[in-house]
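As structure tokens, the structure follows; a few thoughts come after it.
Every number here is computed from the coordinates shown, using simple stated rules; none is lab data. As the structure is a computational prediction, the values presented were derived from the model and not from experiment. Ideal geometry is used to build each Cβ from the backbone, glycine not excepted, and the neighbour counts take in all protein chains shown.
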Amino acid sequence: MRVIGVDPGSRYTGYGIVSLNKGKLIYEGHGTIKLSARASFSERLGKVFSVLMELIGQFKPDGMAVEDVFFARNVQSALKLGQVRGVAILSAVINDVPVFEYTPLQVKQAIVGYGRASKEQVFRMLVNLLKLQENIDSHASDALAVAVCHLHTGNHKIYKLSGKA
């Protein structure tokens, strides 16, 4: 089973691809979609959409795990974050990829075993679980964490969007 994790953001959207094969986690890739502050918001949404569509076409994931909105500094930030999440989810839906959503608390619980763990603790555990060798920014790290969270939840039964197995 292969999952693409997405950490949505209006300036940086992280992604990570992880698979589970015979009970073993396998790191497949990660990155951060950097969005120019000079670009219009609709252009930024378009870039997130096109990059995720390309990644879905390349990796053919069995599911997409998206971090759920937990905190925003203000209403405007929350609305923008929601729109980026919507674009990410749309990229999956168009490709018939099931979407699963997890709160930061659920992600930390699944990775570290403690829902109030720090980002550094989550990152260190990811390094161990995925045998990571390179520096990874916080956006890609969060995306890898949400992908691993999905694989750790046991929520692996894949349903087509019609609701049938």
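Alpha carbon centre of segment 78-105 versus segment 4-27: separation in Å? The distance from the Cα centre of segment 78-105 to that of segment 4-27 comes to 13 Å. Once the C-beta distance of LYS131 and TYR12 is scaled by a Förster radius of 30 Å, the resulting FRET efficiency is 0.75 to the nearest 0.05. DSSP assigns beta bridges within the chain; of those with both partners inside it, close to 65 percent run antiparallel.
Which whole-number percent gives the relative contact order of the chain, counting Cα pairs below 8 Å spaced six or more residues apart? It would help to have the intermediate numbers written out before the result.
Values: 292 pairs, mean separation 53.1, N = 165.
Relative contact order here is 32 percent.
Put a dot 7 Å past the Cα of GLU54, heading toward its Cβ, do the same for ASN21, and the two dots end up 2.5 nm apart. Looking at segment 92-141, the chymotrypsin sites (Phe, Trp or Tyr not before Pro) that sit in a DSSP loop and have at most 16 other Cβ atoms within 10 Å of their own Cβ are TYR114.
Given the -39500 (n - 2.57) contribution per DSSP H run of 4+ residues, what per-residue ellipticity at 222 nm results for the chain, rounded to the nearest 500 deg cm²/dmol?
Working: 5 runs with 76 residues, N = 165.
Taking each H run of at least 4 residues, the total per residue is -15000 deg cm²/dmol.
Loop-resident chymotrypsin sites (Phe, Trp or Tyr not before Pro) (DSSP state other than H, G, I, E or B) in segment 9-87 with no more than 15 further Cβ atoms inside 10 Å of their Cβ: PHE70, PHE71. Note on the chain: Cα Rg divided by 2.2 N^0.38 Å, N the number of residues, gives 0.98.
Explain nothing, just the number: dipole magnitude of segment 1-103 about its Cα centre with +1 on each Lys and Arg Cβ and -1 on each Asp and Glu Cβ, in debye rounded to the nearest 20. Could the numbers behind the result be given before it?
Numbers: 12 positive and 9 negative charges, 66 e Å.
My answer is approximately 320 debye.
Segment 1-94: Rg/Rh from Cα coordinates, Kirkwood Rh? Don't skip to the end; give the middle numbers.
Values: Rg = 13.6 Å, Rh = 13.7 Å.
My calculation puts Rg/Rh at 1.00.
May I ask you to list, by number, the DSSP H helices of the chain whose Cα span along the axis is at least 24 Å and whose average Kyte-Doolittle hydropathy reaches -1.0 or more? Can you show the working numbers first?
Working: long enough: 41-59 (27 Å, 0.70); 75-94 (28 Å, 1.24).
Those that pass (Cα extent of 24 Å or more, hydropathy at least -1.0) are 41-59, 75-94.
Among the trypsin sites (Lys or Arg not before Pro) found in segment 1-101, those both in a DSSP coil and sparsely packed, with 14 or fewer other Cβ atoms within 10 Å of their Cβ, are ARG11, LYS22, ARG38, ARG73.
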